[in-house]
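Everything on this sheet refers to the single structure shown next.
Computed from the coordinates by the stated procedures, all read-outs in this text should not be read as laboratory data. Everything numeric in this text was worked out from a predicted model, so none of it was measured. Here the Cβ positions follow ideal geometry from the backbone for every residue, glycine too, while neighbour counts run over all protein chains shown.
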Amino acid sequence: MIRYYSELIQLPTFKERFEYLKLSGSVGKATFGYDRYLNQNFYKSHEWKRLRDEIIVRDNGCEMGLEDYEIRGRILIHHMNPIVDDDIINVSEYLMNPEYLVCVSHDLHNAIHYGNDDILRAKNFQPRRPNDTCPWKEN
């Protein structure tokens, strides 16, 4: 199944988007991150850093592009379709096309890859509210 950002953003809820992206993978599978030298070179490239910034702006720094689910902390850019060594060596369409990329937090990224939504329940994602970071202001 090929996953597309344009399809993802049509899904209205966090749970629906998570189910769409969930991979149910296993540790140590030979995906893009498996060969460290390819991973490190790619993620340090100027092209990737520029594209990463574009995706963060497009998604407003929110989980899976969902308004009101702002990522607090480090923002990861998730390849919606698993990347393998050949994708970087041959610069496949999945590598740098915004249609196949989305913003996620570290916990959500792990939940997507390992299909374990226990991580998400434990974190208890809550939508942002006006003044939710200002305890002296009423909500």
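Of note:
- Estimated from the Cβ-Cβ distance and a Förster radius of 25 angstrom, the FRET efficiency linking Lys22 and Arg72 is about 0.65.
- Rounded to the nearest Hz, the phi-derived 3J(HN,Hα) couplings of region 45-55 under the Karplus curve 6.51 cos²θ - 1.76 cosθ + 1.60 (θ = phi - 60°) are 5, 4, 4, 5, 4, 5, 5, 4, 4, 4, 5, where x marks glycine and proline.
- Close amide H partners of Leu101, meaning residues 5 or more places away or on another chain with modelled amide H under 5 Å apart, are Tyr5, Met80.
- Other-chain or far-sequence residues with amide H under 5 Å of Tyr69's (modelled H): Glu63, Arg128
- Taking other Cβ atoms within 10 Å as a rough exposure proxy, Trp136, Trp48 sort from fewest to most as Trp136, Trp48.
- By the count of neighbouring beta-carbon atoms within 10 Å, fewest first, Glu16, Glu47 end up ordered Glu47, Glu16.
- Inter-label distance, nm, simple model (7 Å from Cα along the C-beta direction), Leu11/Arg58: 1.7
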